């Protein structure tokens, strides 16, 4: 099917990776529906129609997809991108804060997939691209629950790929490293902080700021997503960028003890208090 006939739904498209992807695919002739919890606050972008969506709510997901079908008649590609970061030490996070992180980053994607799979099965075609993170392959310190949502998404997506292949539905993961978006600036933190962690928290924060300053633009991820869509037989995993690919290879091939030393050195975790 030509790009001009393909309908794409991108969650979390108001900024960052989602918006860059929506812009690029619209330029390529795809019919793009982006989502935001508050579409009225977004400046009009040519070629992109925004729909209201809160991935935490079943009814909102249902309404969003039904509206899309009424306007476009079909759905060919879902890009699950909506998410946020919960930082802080694992001990600090209240259970409700952890549940909220999973409701958006993991169960939000699950809700979207559950809603679109019957449509794609009826069409006997479709594509689902879940935006994971390098943190879902090699978790950074003080980002434990964010990483946990991405690890969950990794396992979920790998199984999903097996289960829907016979319906001609293609499934892939995208694993970006630090990307120059507002995700880091809007990171949330537990309400209760434990001062004992502060020396190492500050070192990790300093290292993270340095990596963020050198991070690529979200367009790099958008280009990867376009390649996945244009590929006849896309892979399961796409690690974005040379630095991320190196980190992934080190995680896979270094002995566990050696890789742990690399991570602790990169984030200054073994510097004396």
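Using per-residue counts of other Cβ atoms within 10 Å, averaged over each peptide, order 9-21, 120-132 from highest down.
Output ranking for 9-21, 120-132: 9-21, 120-132.
To the nearest 10 degrees, how steep is helix 144-164 against the longest Cα principal axis of the chain, on a 0 to 90 scale?
That works out to roughly 40 degrees.
Can you tell me the mean projection area, over all orientations, of the convex hull of the chain's alpha carbons? Units nm², please.
Mean projected area of the Cα convex hull: 14.7 nm².
Which of the peptides 253-259, 216-222, 172-178 is most tightly packed, and how do the rest follow, going by the mean number of other Cβ atoms within 10 Å of each residue? Can you show the working numbers first?
Details: 253-259: 10.1, 216-222: 19.4, 172-178: 23.7.
For the peptides 253-259, 216-222, 172-178, the packing ranking is 172-178, 216-222, 253-259.
Report the rotationally averaged projected area of the stretch 149-193 based on its alpha-carbon convex hull, in square nanometres.
Convex hull of Cα atoms, orientation-averaged projection: 4.9 nm².
Quick one: check the C-alpha center-to-center distance for the stretch 136-162 versus the stretch 53-91, whole angstrom.
Taking the Cα centre of each part, the stretch 136-162 and the stretch 53-91 sit 18 Å apart.
Could you list, bin by bin from short to long, the percent of Cα-Cα pairs of the stretch 121-243 in 10 Å steps?
In whole percents, the pair-distance histogram is 12, 37, 30, 15, 6, 1.
Rounded to the nearest 10 degrees, what's the angle between the helix 219-230 long axis and the longest principal axis of the chain, both from Cα atoms, 0 to 90?
With both axes taken from Cα atoms, the answer is about 40 degrees.
Out of all DSSP beta bridges with both ends in the chain, state the antiparallel percent to the nearest 5.
Within the chain, antiparallel bridges account for around 0 percent of the total.
Kindly express, to the nearest 10 degrees and within the range 0 to 90, the angle between helix 16-27's C-alpha long axis and the longest C-alpha principal axis of the chain.
Orientation of helix 16-27: about 30 degrees from the principal axis.
Which of 158, 103, 260 ends up with the largest GNM mean-square fluctuation for the chain, with Cα atoms connected below 10 Å?
Highest fluctuation among the options: 260.
Based on Cα positions only, what radius of gyration and what Dmax would you give for the stretch 31-87, in angstroms?
Cα-based Rg and Dmax for the stretch 31-87 come out at 12.0, 40 Å.
What span do the alpha-carbon atoms of the stretch 70-143 cover on each of the three principal axes, reported in whole Å from largest to smallest?
Projected onto the principal axes, the Cα atoms of the stretch 70-143 cover 47, 25, 18 Å.
Since every read-out is calculated from the coordinates, none of them should be taken as a lab result. Just so we're clear, the structure is a prediction, and the values are computed from it rather than from any experiment. As a convention, Cβ positions derive from the backbone with ideal geometry for all residues, glycine included, and neighbour counts pool all protein chains shown.
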